[in-house]
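Take a look at the structure set out below.
Every number here is computed from the coordinates shown, using simple stated rules; none is lab data. Predicted, not measured: the structure shown is a model, and the values here were computed from it. Here Cβ is always computed from backbone atoms with ideal geometry, including for glycine, and neighbour counts include all displayed protein chains.
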Amino acid sequence: METVVIQSAKAAAELFKNHDVNFCDRKCIHVLTSHNYRDGSLAVGQFSPYWRMLRRLCSVEMMTNRRIDETTSIRRKCIDQMIRSIEDDVVAATARGESIVINLPKYLFLMAFNIVGNLMLSRDVLDSQTGSETTSAIIEWAMAELLRKPEVMKRVKEELHEVVGVNRLVEESDIEKLPYLQALFKETLRRDPDSWEDPLAFKPDRFLDSNIDYKGQNFELIPFGSGRRICVGMLLVQRVVLLGLASLINCFDWELDKDSTPETLDMKERIGVTVRKLVPLNVIPKRHPRIMAT
Ligand code: HEM
């Protein structure tokens, strides 16, 4: 199979609008072809009637907003477990008279893996490992950006404080009332330096009065791809990342460990299936006394 690398929003628009069907197949690494794994996989399967059926099953039966609404309690439970396990570790460290530094991606991965694993019927249909890794990576990047930009952290906290307060946990139904949090999510997903002014600056504000979304129609922001093979997990990711992030921010005050400052925090990338932080985010959570995971 030939490979074409698309590097501009204009070329992406041309490809997805006019040639999507011709570029619908994925390059598949050799190892995934053994035991015919590829033939049953939505993620690497070739564009074929069987693949189209799998895709339709996923998009129509599993990944609609209505279906995702039915599993709100699973996400709530897994995110509560994460918050509680961070709280328990903070309490235990405080009891020992120690301050605690946590490796945040470890908690995030477990949470995302539990959610995707709980929701999916079969690993052959959706690759839960890959889905969990991308989801937890996005939350880690967002938290790293927030710790580098205290003024952005302050604003998102203020918004949460106004809408949710400190006496209860954030719910998925709050998310639509949190435009700054949504802008923060988009800014974390934004990467194309040619399409954006001041591309290296982390500025969620750029999305506040904008209709640009990541659903595959605005080619300057296509973190989930576009066209026939757009990420099938997008609506789910949106729920998990926004609720997970909002819960972490609302339940704790966060500080960098003593080896980093907002100016020196290491933001180098490691490329794998996902672009992850090379150095895991080590942070200090300070517990709010009034919010407790149930
Ligand atoms: C922040 C998290 C995620 C990002 C940024 C992301 C991004 C992407 C991208 C860029 C693609 C390729 C789209 C294309 O070729 O045009 C993709 C495909 C896919 N994603 Fe995601 N993804 C995420 C999370 C998830 C999750 C949680 C799941 C599962 C529940 C998932 C399941 C899939 C599947 C099955 C495909 C293949 C779809 C197909 O080939 O038809 N993704 N994703």
Seminar exercise, completed: Those helices of the chain passing the 15 Å axial Cα length cut-off and the mean Kyte-Doolittle cut-off of 1.0 (DSSP H runs only) are 104-119, 234-251
Exercise. For Ile74, Ile100, what's the fewest-to-most ordering of other Cβ within 10 Å of each Cβ?
Worked result: Ile74, Ile100
For this session: Taking the Cα centre of segment 179-287 as origin, work out the dipole magnitude from +1 charges on Lys and Arg Cβ and -1 charges on Asp and Glu Cβ, in debye rounded to 20.
Result: 620
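Would you please give the FRET efficiency between Glu151 and Glu197, computed as 1/(1 + (r/R0)^6) with r the Cβ-Cβ distance and R0 = 22 Å, to the nearest 0.05?
With R0 = 22 Å, the Cβ-Cβ based efficiency is 0.70.
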For this session: Divide, for segment 73-287, the radius of gyration over alpha carbons by 2.2 N^0.38 Å, where N is the residue count.
Result: 1.00
Seminar exercise, completed: Within segment 189-294, DSSP-loop trypsin sites (Lys or Arg not before Pro) with at most 10 other C-beta atoms within 10 Å are Lys258, Lys268, Arg290
For this session: Take every Cα pair under 8 Å in segment 82-211 that's 6+ residues apart, average their separations, divide by the length, and report that relative contact order as a whole percent.
Result: 17
Exercise. Rounded to the nearest 500, what is the chain's calculated 222 nm mean residue ellipticity when only DSSP H runs of at least 4 contribute -39500 (n - 2.57) each, over all residues?
Worked result: -14000 deg cm²/dmol
Problem set entry | Check: the chain dipole with +1 on Lys, Arg Cβ and -1 on Asp, Glu Cβ, in debye | 660
Exercise. Between His30 and Asp205, what length comes free when the chain is fully extended (0.36 nm per residue of separation minus the Cα-Cα distance, one decimal in nm)?
Worked result: 58.6 nm
Exercise. When Glu263, Glu162, Glu145 are ordered from fewest to most other Cβ atoms inside 10 Å of their Cβ, what list results?
Worked result: Glu263, Glu162, Glu145
Exercise. Once label points are set 7 Å from the Cα along Cα→Cβ at both Tyr50 and Val279, what is their separation, rounded to one decimal in nm?
Worked result: 4.7
Exercise. Summing Lys, Arg as +1 and Asp, Glu as -1, what charge do residues with Cβ under 13 Å from the Cβ of Gln7 carry, Gln7 excluded?
Worked result: -2
